[in-house]
1. May I ask you to list the residues in the range 52-61 that are part of a helix (DSSP H, G or I) and either aromatic (F, W, Y) or closer than 12 Å to L90 by Cβ (or both)?
2. Looking at the range 136-171, which of the residues that are in a strand (DSSP E or B) and of a type in the set (D, E) is nearest to F76 (Cα to Cα)?
3. Return a yes/no flag: does the range 64-78 have any residue that is surrounded by 13 or more Cβ atoms within 10 Å (Cβ to Cβ) and at pLDDT below 95.
4. For the range 79-112: of the residues being without any contact (Cβ under 8 Å) to a residue 40 or more places away in the chain and β-branched (V, I, T), which is surrounded by the fewest Cβ atoms within 10 Å (Cβ to Cβ)?
5. Could you check the range 1-39 and list, in sequence order, the residues that are at pLDDT 95 or above and of a type outside the set (D, E)?
6. Looking at G36, G125, G64, G117 in this structure, which one is in contact (Cβ under 8 Å) with a residue 60 or more places away in the chain, at positive phi and not in a strand (DSSP E or B)?
7. Quick check: anything in the range 76-85 in a loop (DSSP other than H, G, I, E, B) and closer than 20 Å to N166 by Cβ?
8. Given the criteria of a type outside the set (F, W, Y) and touching a His at 6+ places or on another chain (Cβ under 8 Å), does V68 qualify?
Amino acid sequence: MNKISKIAFSLVTLLLLSPIFAATANAAEPTEDVVGIALSNPDFSILVSALQKAELVDTLKGDGPFTVFAPTNAAFEKLLMELDITADELLAQPDLAKVLTYHVVSGKVLAGDLTDGMTAPTVNGEELTFDLSADPMVNKSMITTTDIEATNGVVHVIDTVLVPSNFALQEVAMEEETVAKTGIESNTALLVAMLVTASAIGFVVFKKKQA
């Protein structure tokens, strides 16, 4: 193969391979922020609801960078069982933001940056502790997936909700639920009114029979 043929062959090869290189490069570039990653995964639906309720969505859509240890729905369900409350009661907690910010570390901390016994301050103000002696752990939660890179940080998936010491479970007043099929509110006042009406009708029927 002469020199000109070699050059031509190299150019053709480069042209053929360039789309592959470009696709690989684009695949490595994150396209969503940390909130977008949570929104795109249905297994983070409770986390997303909590972030919305605590009004932290806009904060986590900021420049960052942030490192988020994201609990799955199963992790939240485990917490609900331990606290013996419903998801609605959890979302109504006054200290909800303290729990969520305990899962966020300022800066971008990849799995390779972690060391056994390392501690990291959270946005909550309290620290997380990492144990890499066996399965990677943050406090008492296992890190099940690492290094989901975002445009403004990185997300690691965990199997247990991290509860800070400054969180206090409180009794919360829940709004009366509505009956979906009829739209009739289920409340005491309505029940009393129905009973009074039924009693009045019964009394009239009884009087007529006596007459």
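The values are calculated or read from the model by the stated rules, or taken from the named source; none is laboratory data. Model, not experiment: these values are computed from the prediction. Please note: Cβ atoms are built from the backbone with ideal geometry, for glycine as well, and neighbour counts cover all protein chains shown.
1. K53
2. D147
3. yes
4. Filtering first and then ranking leaves T86.
5. Matches in the range 1-39: V34, V35, G36, I37, A38, L39.
6. So the residue among G36, G125, G64, G117 that is in contact (Cβ under 8 Å) with a residue 60 or more places away in the chain, at positive phi and not in a strand (DSSP E or B) is G64.
7. Taking every residue of the range 76-85 in turn, at least one turns out to be in a loop (DSSP other than H, G, I, E, B) and closer than 20 Å to N166 by Cβ.
8. Judged against the criteria, V68 is a match.
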